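Here is the structure we will look at, set down as structure tokens.
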Amino acid sequence: MQGRGGGGVSGHGRRPEGQPPPPPPPRNCPRCDSMNTKFCYYNNYSLSQPRYCCRDCRRYWTHGGTLPQES
């Protein structure tokens, strides 16, 4: 006698749990105003703090954060 296998989970069109949302759109670099930027990761795993890298001036920043004063 063969039992019915219940648990047919179809995840078509849905994100698996634990997978982050797609990265936010690229932003202008606050230091050199270049659009040659790339999303890196979420700071402290917080979706409200996306971390970016500028390929022109090679600096990292958090969108919504403050820039440190450079002397």
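Readers should treat all values here as calculations from the given coordinates under stated rules, not as data from a laboratory. Predicted, not measured: the structure shown is a model, and the values here were computed from it. Glycine gets a Cβ as well: all are built from the backbone with ideal geometry, and neighbour counts include every protein chain shown.
The gain in end-to-end length when the residue 45 to residue 63 segment is fully stretched comes to 5.1 nm, 0.36 nm per residue minus the alpha carbon separation.
The share of C-alpha pairs in the stretch 24-65 whose separation exceeds 16 Å stands at 24 percent. The order of 37, 62, going from fewest to most other C-beta atoms within 10 Å of their C-beta, is 62, 37.
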